[in-house]
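The values are calculated or read from the model by the stated rules, or taken from the named source; none is laboratory data. Being a predicted model, the structure only gives us computed values, none of them experimental. Positions of Cβ are generated from backbone atoms using ideal geometry, with glycine treated the same way; all protein chains shown enter the neighbour counts.
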Amino acid sequence: MTVKTPALSIEIDRQKPVPIYLQICERFRTAIAAGHLRPGDRVPALRGLAMQLNTARGTVELAYTILVGEGYLLMRGAAGTFVSPSLPEAATRAQRAKGGQDRSGAPRAESAPQGSQPMRRELPIAIDMSGEPRPLQPGLPALDMFPRKLWNRLVSRRARSGDRAMLAYPNPMGYPALREHIATYLGLSRGVTCLPEQVFVTSGYRATLELVLRSLASPNDRMWFEDPGYLLARGFLSETGVHLVPVPVDEDGIDVARGMELDPQARFALVTPSHQAPLGYTLSLARRMALLDWAEKASRWIIEDDYDSEFRYVGRPLPALKSLDKSDRVIYCGTFSKVMFPGLRLAYAVVPERAVERVQRVAGSMNAGSPALLQAALADFIEQGHFARHIKRMRTLYGERRTLIADALKQAFGDRMIVDMPHGGIQFPVRFTVGPDGPVDDVAVAMRARDAGLAVGALSWWYANARLRHTPRGLVMGFANVVDAKDAGRLARALRACLDAYPGGAGSDSAKRHLGH
């Protein structure tokens, strides 16, 4: 069936200080609220609208990406871009005032429970973590300091061993020796008591979530999700049938009481208690106990993402939430992407004993085990003590590098940016202060930074309501690969050049000059 594209008149005013992409967004919101665009309508193609408006395709693409992130539009690959069948509350208010019917005269479908959102299918800004590493890329460990010669020797030794298991289909639960080492490591460093049979090795955090949800979730289950929360997890969850319930985060971590108000019947909670992504807060003990109590009372599941807890610079690394779990309701997720290198593609989950059989059955049906060669080499790396020594060295190094970039940012931005020294992790957020023209458009700054070769992201995009005026504006950046004070100063000045271009559009050239392009 062919879906027609309704005639749509979009006019932009180049004299306005409002960026063109935001004007495009507003025209679409208005057309949807007025009923000129209805759920299921196809919207103009990127290239076609760019030609119509005589503007760059990237400008239209950014506008569409924002509208997708807000839930107004839905991208369906080659089929095109459509008005979402599950529009935000504000978008449908005007239509309900006219009778609450779609164009066929049928009543609109009931919306998801209060506070929940349909999962979105696109990330709100181009986040490409693949390829050549870029400066200030969040979540990227210090690749220059990884012991590559040692690692290559371990991998080569395993490859030459003649062990046919290295060439066969991998165990979908993981290489047995590695599972044993992970269980031992977690007991010593994170206070997590588990058996090797509870450990499942996966090919990354996304694969971990897929394994857990395929095993334990049902269609239309609802999940508490930190607001702000991890972008890439939100992007993946858009492909499942789970409904997100954004729950606000403050200095004590996820607000459990607010979560109970928003949706007391949610079946899952996905949290980052040791180092909240992206704000860096630690979940307080009182809220940890409240969250565990919430899960125990109604047999709910807590997914604990403990992605970079090895690196803490104030006091000792904190125990995991799982270490307090007396009722066995926490699914603990860890990764080697931050402590080793992301190209390894190895992560793991510790599954409660009552769920091991189900998860094992699903893991077998997925047949998605990670390469045995790399798992065996990693098991050797841990067994021979290299893993513990590497973490200790990196903890010291990252503590120094976080100070370098924080000092450089304070010097470059002055009172235009709030920089709080991160207590842990390998990335942190900074916030823009309100400028003379109002809140800074952090998306525009991040886009200019990307054009200049920097990999920072807009802080506002980590929030469920990214474009509301009161949503915090800033940047999320990594610091593990900042080499020295000179490098930190150069990167900070390049970022400042991107801000100085706001609200104009000529900042990327200046930023590139600071980077030496």
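Note on segment 277-335: residues that are within 22 Å of Val242 (Cα to Cα) and assigned to a helix (DSSP H, G or I) amount to 6. Pairing each residue of segment 269-283 that is closer than 15 Å to Thr335 by Cβ and modelled with pLDDT of 95 or more with any residue that is surrounded by 23 or more Cβ atoms within 10 Å (Cβ to Cβ) and of a type in the set (Phe, Trp, Tyr), provided the two are 6+ apart or on different chains, yields C-beta distances under 6 Å for Leu270/Phe225.
Take Arg57 and decide whether it is modelled with pLDDT under 60 and either surrounded by fewer than 19 Cβ atoms within 10 Å (Cβ to Cβ) or aromatic (Phe, Trp, Tyr) (or both). When the stated conditions are applied, Arg57 does not pass them.
Residue-level check: of (1) of a type outside the set (S, T, N, Q); (2) at pLDDT 90 or above; (3) surrounded by fewer than 20 Cβ atoms within 10 Å (Cβ to Cβ), Val212 misses just (3).
Restricting segment 184-209 to residues that are among the hydrophobic types (A, V, I, L, M, F, W, C) and more than 17 Å from Ile391 (Cα to Cα), the residue that is surrounded by the fewest Cβ atoms within 10 Å (Cβ to Cβ) is Leu195. Quick check: is even one residue across segment 280-301 small (Gly, Ala, Ser) and crowded, with 21+ Cβ neighbours inside 10 Å? Taking every residue of segment 280-301 in turn, none turns out to be small (Gly, Ala, Ser) and crowded, with 21+ Cβ neighbours inside 10 Å.
Considering only residues that are of a type in the set (D, E, K, R), in a helix (DSSP H, G or I) and modelled with pLDDT of 75 or more, look in segment 461-517 and name the one that is nearest to Pro429 (Cα to Cα). Filtering first and then ranking leaves Arg496. Only one of the numbered conditions (1) in the same structural domain as Glu180 (by TED's automatic domain parsing); (2) buried (at least 19 other Cβ atoms within 10 Å of the Cβ) is violated by Leu324, and that is (2).
Within the span defined as segment 369-378, every residue fails to be under 25 Å from Val476 (Cβ atoms) and modelled with pLDDT of 95 or more.
All conditions but one from (1) surrounded by fewer than 23 Cβ atoms within 10 Å (Cβ to Cβ); (2) assigned to a helix (DSSP H, G or I); (3) at pLDDT below 95 apply to Ala257; the one that does not is (3).
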